[in-house]
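J.: Just passing along the structure, written as structure tokens.
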Amino acid sequence: MSLTTTTTTAPSPTPPHTSEEGPSRSNIGLVRPDFSTGLKDLLTTVDHKKIGAMYAIFALAFLIIGGVEALFIRAQLAVAENNLVSAETYNQLFTMHGTTMVFLAVMPLSSAFFNFLVPLQIGARDVAFPRLNAFSLWTFVAGAIVVNISWLFQAAQALGWFTTENGMTDIVPAGGWFGYAPLTSDEYTGIGTDFWIFGLQVLGIASIAASLNFIVTIINFRAPGMKMMRLPVFVWMTLITSILVIFAFPPITVALGELMFDRYFGTNFFRVDQGGQPILWQHLFWVFGHPEVYILILPAMGIISEILPVSSKKPLFGYSLIVFSGAVIGFLGFAVWSHHMFTTGLGKVATAAFSLLTMAIAVPTGVKIFNWIGTLWGGRIKFTVPMVLSLGFIWMFMMGGFSGIMHSSAPSDAQQQDSYFVVAHFHYVLIGGSILSLMAGVYFWMPKMTGKMWYGKLGYWVAGIVIVGLNLTFFPMHFLGMIGMPRRTHTYLEGTGWEPMNLVCTIGAFILAIGIFFFLYDIFRTLRKGPPAGDDPWDGRTLEWTISSPPPAYNFARTPIVHSRDALWAHKHGKESVKLGSVEPSPGGIHMPSNSWFPLVASVGFLILGVSMALKQAGVPYCGYIAISGLLITFVGIYLWALEGPGGYHLHPEEKA
Amino acid sequence: MSHAADASHPADHIPTGLDNKKLMMWLFLASDCMFFGTLITTHLVYRKIYENVGVDPITVFDIELTTASSFILLMSSLLMALAVSAIHKGDVKSFRWNLVGVIIFGTLFLGGQVYEFNHFVHLGLTLSTGTFGSTFYVMTGTHGVHVALGILWLISWLVYSFSPKFNAHENAVDVETAGLYWHFVDIVWIVIFTAVYLIEYV
Ligand SMILES: [Cu+2]
């Protein structure tokens, strides 16, 4: 199929909408601002679609930053005994690469999809708490700045504009994304760790707030008839992911808090000479860290489960099994954290138990893969760009799964521990899995989001280059690990036999970077010159394709009534009894929430708090007071937010019913 | 603070019949369970690890005083329940008096904690007294912060109840949400009281 083709518009249950300027507005709130365009609107918006778009933009920006860090790492390792970067810089690079990719690229890109899609797919006008949603976005941005501003302070130090009290040099986080204490205690690390601790705490607040919002939205804001077992799989995966977030983030919050107390207030959580136990950090970190893997991958599975049925013109094979296996994966995700700690000496019983539980995860994962293959089986497959990327995902994810099973056995894990084999495994899952499917999602839903359709063959080139680059970069790492190359060391000796494969990995990384560059360029040129996408360019199955592209501010002029799974598909091709209905519009018009400044204000407070607490450790004067003022700003923001009231105005879309 | 919630289409149906704000609070409390669970577990695994810190918890703890302050906190929960029931009946006056009671009892509890911390530090149990001191203060302190935020929240409602915009009927669910939080904080204290104080006397 040519990408330029836009298929005919689906029979739409909602009449065409009129332009934005038409609606009459009656103000029913207090003094909440009411911008609809410009920078002020972006800073104060509570519209889930705009918030989703901003999440995507920030995530792509951090994907570039994290990617450049990765390129430096690969360039350093391209040849033996290289000294492109120092050992210290190398530590900073891999720490910031991991932290950035996990928290600032993949998670927010998933959030972008949650935000944009969930209300549309369940037939809602917005999320349950629109201002809380804006707060999540800005708090995420605040946390991202706290972590990354360390680069600026390091640059300032190099230029002599910034000095630390004790002349410490490690200003950028360098303790690994896992931050193992006591290696991250104040004896061994500088203020980089403080930027990292506070940045992650702020990001945690953002994630928990967003997740609470999505759970409430999915449970309470479903359109009439949208029973739980009729939810699109993507929405199910969002729900499970959000539940994982609210249970997985508290342990890491406690761990970070304890580390912070050790560094600032002289507690002994991780001070070995005072009875502190390094293994406590490992437990708390991985109780979070393993579910986090599923927080990153479940949205990807959701996206794939939406694209495959559309592109093969068949219903998803085994809907209930997909949903159920997702829930089982989420549950088991909490039960297997210690497989990251086999080599710490947990004892035979614990090791055996965690080994078995880890292997058990292969079952629901395999179920999902068979469901996807079952969906493709006998389908009229159209090789669109999202479809090609999805097939790439299935391949990469299966590869990652196989090497995952190899780690689940404690004896072989002991061999692979801290070697490049592990690096290969999790990049197959997280880059090959998450990033590839998120790219597929971008290709699939960008036309809905922007109203512009992809054109030309560039998308296929992007998919091809990225898939080749990924495999070239990460496949040799399996062998590098097998022949003993360790992770996290900034160079290796000549004559180890690791040189040729490292060079291949580096070349692969640069090919991958070219693919990502063309991906971003494709987005850019489509935004500028893409032909109109139409309402339903892929012949979709879910509710978002019933409304215009881009969707109007109010999403659905009339709330749809759903009678089956795959609601739009059933409407287009099913019996009369499963056609979509719609709720009579309320005579008062559609209630829309007004914009608000206060979520942003509350988030700025966190930003000030985080940065000044880290600088306090560097001996910068008055930072304690600035930190307190940051906390006060957050409190004032929340109070004004509360007093401002729900506000809102009414819209009357002109209906040609 | 409960105004933080805003529904974007209030008139529409809710499939579960559960109020958004209340559902949100239940989920938050579920998350908070993990938070306190982690802190309490840390304390339990650390309390015996390094015993020669020079301080014996039993000689430091004043179990009579802590029992009394725990009882006060429990009673505040009762008053909170009365306040919620009053606002549901539209009895603003009784709502306010009960709320004042909760606030006073909560503050008394916090006062007890401040006194206790001060006293313990004098007896040599500080933040840096082995791992016992670290986990003890961080955990009970975190609980104290929860109580303090709760008091702040309830004071805000007390003040707001005099505003012309206050509407007992509409705001009842907000107060109920604050009440859920308050009960949770009390229940957590019972667990902490058992796992931190009483366990030392076993
Ligand atoms: Cu794991």
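J.: Between beta-carbons, use under 10 Å as the cut-off and find the net charge around A:K49, counting Lys and Arg +1, Asp and Glu -1.
T.: Its environment carries a net charge of 0.
J.: Hey, another quick one. How large is ³J(HN,Hα) for each residue in the stretch A:135-149, as worked out from phi by the Karplus curve 6.51 cos²θ - 1.76 cosθ + 1.60 (θ = phi - 60°), to whole Hz, x for Gly and Pro?
T.: 4, 4, 4, 5, 5, 4, 4, 4, x, 4, 5, 4, 5, 7, 5
J.: Which residues make up the longest stretch of chain A that has no GluC sites (Glu not before Pro) in a DSSP loop with at most 16 other Cβ atoms within 10 Å?
T.: Counting at most 16 other Cβ atoms within 10 Å as exposed, the longest clean stretch of chain A is A:188-493.
J.: Once you put a point 7 Å from the Cα of A:D34 and another 7 Å from the Cα of A:S412, both along the Cβ direction, what distance in nm separates them?
T.: So the label points at A:D34 and A:S412 sit 6.4 nm apart.
J.: Right, something else. What does the helix-only formula give at 222 nm for chain A: each DSSP H stretch with n ≥ 4 adding -39500 (n - 2.57), the total divided by the residues, and the result rounded to the nearest 500 deg cm²/dmol? Let's see the in-between values first.
T.: Values: 19 runs with 397 residues, N = 657.
Dividing the helical sum by the residues of chain A leaves -21000 deg cm²/dmol.
J.: Which is the longest run of chain A containing none of the chymotrypsin sites (Phe, Trp or Tyr not before Pro) found in DSSP loop states (not H, G, I, E, B) with at most 12 other C-beta atoms within 10 Å?
T.: Maximal segment without exposed cleavage sites: A:384-621.
J.: Excluding same-chain residues fewer than 8 positions from A:K313, which aspartates and glutamates have a Cα within less than 16 Å of its Cα?
T.: The reachable aspartates and glutamates, counting only those whose Cα sits under 16 Å from A:K313, are A:D536, A:D539, A:D566.
J.: Hey, quick one: spin label on A:A158, modelled 7 Å out along Cα-Cβ, who in the stretch A:56-85 has an amide N within reach, i.e. under 15 Å?
T.: Residues A:69, A:72-73, A:84-85 fall inside that zone.
J.: In whole Hz, what ³J(HN,Hα) sequence does the stretch A:425-440 give by Karplus (6.51, -1.76, 1.60; θ = phi - 60°), x for Gly and Pro?
T.: 4, 6, 6, 4, 6, 8, 8, x, x, 5, 5, 4, 6, 5, 5, 4
J.: Select from the stretch B:43-137 those trypsin sites (Lys or Arg not before Pro) which occupy a DSSP coil region and have at most 10 other Cβ atoms within 10 Å, ordered by residue number.
T.: Passing both the DSSP loop test and the Cβ count: B:K48.
J.: Determine, from the Cβ-Cβ distance of A:F383 and B:T194 and an R0 of 60 Å, the FRET efficiency 1/(1 + (r/R0)^6), rounded to the nearest 0.05.
T.: For R0 = 60 Å, the calculated efficiency reads 0.45.
J.: While we're looking at this one, here's another question. Could you compute the longest span of chain A free of trypsin sites (Lys or Arg not before Pro) located in DSSP loops and having at most 10 other Cβ atoms within 10 Å, not counting the site residues?
T.: Segment A:1-379 is the longest.
J.: Continuing with this model, one more query. In what sequence do A:H97, B:H183 fall when counting other Cβ within 10 Å, fewest first?
T.: Exposure proxy ranking, most exposed first: B:H183, A:H97.
J.: Taking amide H positions as placed 1.01 Å from N in the peptide plane, with prolines and chain starts having none, which residues 5 or more places from A:S582, or on another chain, fall under 5 Å of its amide H?
T.: Those lying under 5 Å, H to H, from A:S582 are A:I561.
J.: How high is the FRET efficiency between B:T67 and B:H119 when r is their beta carbon distance and R₀ equals 22 Å, given to the nearest 0.05? List each step's numbers first, then the result.
T.: Working: r = 15 Å, r/R0 = 0.69.
FRET efficiency, B:T67 to B:H119: 0.90.
J.: Let me ask something else about it. Quick one: what Rg and Dmax do you get for the stretch A:217-266 from the alpha carbons, in Å?
T.: Taking only Cα atoms of the stretch A:217-266, I get Rg and Dmax of 17.9, 57 Å.
J.: Within the set A:K49/A:K368; A:K227/A:K382; A:K575/B:K21; A:K227/A:K457, which residue pairs have Cα atoms separated by over 32 Å?
T.: Details: A:K49/A:K368 29 Å; A:K227/A:K382 30 Å; A:K575/B:K21 39 Å; A:K227/A:K457 40 Å.
Over 32 Å Cα-Cα: A:K575/B:K21; A:K227/A:K457.
J.: Report, by chain and number, residues whose modeled amide H sits under 5 Å from the one on A:K452, excluding near sequence neighbours (fewer than 5 apart, same chain).
T.: Those qualifying (amide H under 5 Å, at least 5 residues apart or on another chain) are A:A533.
J.: Please list, ordered by chain and number, the residues whose modelled amide H lies under 5 Å from the amide H of A:S419; skip anything fewer than 5 residues away on the same chain.
T.: Here the answer is A:R487, since their amide H atoms fall under 5 Å of that of A:S419.
J.: Residue by residue through the stretch A:553-566, which ³J(HN,Hα) values in whole Hz follow from phi under the Karplus form 6.51 cos²θ - 1.76 cosθ + 1.60 (θ = phi - 60°), with glycine and proline marked x?
T.: 3, 8, 6, 10, 4, 10, 4, x, 10, 9, 10, 7, 5, 6
J.: Is the C-alpha gyration tensor of the stretch B:75-201 telling us rounded, prolate or oblate? Criteria: a/c under 1.5 is rounded; beyond that, a/b larger than b/c is prolate, otherwise oblate. If you can, show how the numbers build up before the last one.
T.: Details: a/c = 3.03, a/b = 2.54, b/c = 1.19.
Because a/c hits 1.5 or more and a/b exceeds b/c, the stretch B:75-201 counts as prolate.
J.: Near A:K50, which aspartates and glutamates are there with a Cα under 13 Å away, not counting those fewer than 8 places off in the same chain?
T.: Within the straight-line cut-off, A:K50 pairs with A:D41, A:D126.
J.: Now a separate question. Under 1.5 on a/c is rounded, so check that first for the protein assembly as shown, then, if it is not, pick prolate when a/b is larger than b/c and oblate when it is not; a ≥ b ≥ c are the square roots of the alpha carbon gyration tensor eigenvalues. Numbers along the way, then the final one.
T.: Values: a/c = 1.70, a/b = 1.09, b/c = 1.56.
Oblate.
J.: Cα gyration tensor of the stretch B:40-102, axes a ≥ b ≥ c as square roots of the eigenvalues: rounded (a/c below 1.5), prolate (a/b > b/c) or oblate?
T.: In terms of gyration-tensor shape, prolate.
Since every read-out is calculated from the coordinates, none of them should be taken as a lab result. Just so we're clear, the structure is a prediction, and the values are computed from it rather than from any experiment. Neighbour counts run over all protein chains shown; Cβ positions are idealised from the backbone, glycine included.
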